[in-house]
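Peer 1: Below is a structure I'd like to ask you about.
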Amino acid sequence: MEDYNVINTLLQPIIKIFLTYWFILLLIYLYPYIVAVVRKHRSSTYILILNLFFGWTLIGWVVSLVWAFTSDQTASPIISGPKNDKEL
């Protein structure tokens, strides 16, 4: 029974380090999606899909990161009114 306790005490810190390492990697991998959600990007779902399927290629990750940082505001239509009182 003591052997089990010794192994358990030795493995516990290693498991914590291992899980912390993978959690940090997951956060880095999903960083474009996190940025999109924080910035309330209207295409955050599509950024997540792009990142999940193509983020591992690094090109897909960079594209999704750039997309997450781009402005999602549409151009406002320019409404032209009368230029002077004679056109009324």
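Peer 1: Grab the beta carbon distance between Leu52 and Leu19, set R0 = 35 Å, and tell me the FRET efficiency rounded to 0.05. If you can, show how the numbers build up before the last one.
Peer 2: On the way: r = 21 Å, r/R0 = 0.60.
According to the calculation, E is roughly 0.95.
Peer 1: Near Thr45, within a Cβ-to-Cβ distance under 15 Å, what is the net charge of the other residues, with Lys and Arg +1 and Asp and Glu -1? Write down the numbers at each step before the final one.
Peer 2: Numbers: positive: Arg39, Lys40, Arg42; negative: Asp72.
Net of charged neighbours comes to +2.
Peer 1: Mark the label point 7 Å from the Cα of Tyr29 along Cα→Cβ and return the residues of region 51-69 whose backbone N is within less than 13 Å of it.
Peer 2: 51-58, 61
Peer 1: I'd like to compare 25-32, 13-20: which one has the highest average count of other Cβ atoms within 10 Å, and what's the full order after that?
Peer 2: Answer by packing, highest mean first, reads 25-32, 13-20.
Peer 1: Per-residue HN-Hα couplings for region 62-72, Karplus 6.51 cos²θ - 1.76 cosθ + 1.60 at θ = phi - 60°, whole Hz, x for Gly and Pro?
Peer 2: With the stated coefficients, region 62-72 comes to 5, 4, 5, 5, 4, 4, 5, 8, 6, 6, 9 Hz.
Peer 1: In whole Å, what is the distance between the alpha-carbon centres of region 36-69 and region 9-30?
Peer 2: 24 Å
Peer 1: Also, quick follow-up: Whole-Hz ³J(HN,Hα) for each residue in region 28-39, computed from phi via Karplus 6.51 cos²θ - 1.76 cosθ + 1.60 with θ = phi - 60°, x for glycine and proline: what do you get?
Peer 2: Each residue's phi maps through the Karplus curve to give 5, 5, 8, 4, x, 5, 4, 4, 5, 5, 5, 7 Hz.
Peer 1: Then there's this: With the contact rule set at Cα under 8 Å and sequence spacing of 6 or more, what percent relative contact order holds for region 2-71?
Peer 2: On the way: 49 pairs, mean separation 20.1, N = 70.
That works out to 29 percent.
Peer 1: Then there's this: Can you give the local net charge around Ala36? Use residues other than it whose beta-carbon is closer than 12 angstrom to its beta-carbon, Lys and Arg +1, Asp and Glu -1.
Peer 2: Details: positive: Arg39, Lys40, Arg42; negative: Asp72.
Net of charged neighbours comes to +2.
Values quoted throughout were computed directly from the atomic coordinates according to the rules given, and no laboratory measurement underlies them. Predicted model only: the values in this text are computed from it and were never measured. Positions of Cβ are backbone-derived with ideal geometry, glycine not excepted, and every protein chain shown enters the neighbour counts.
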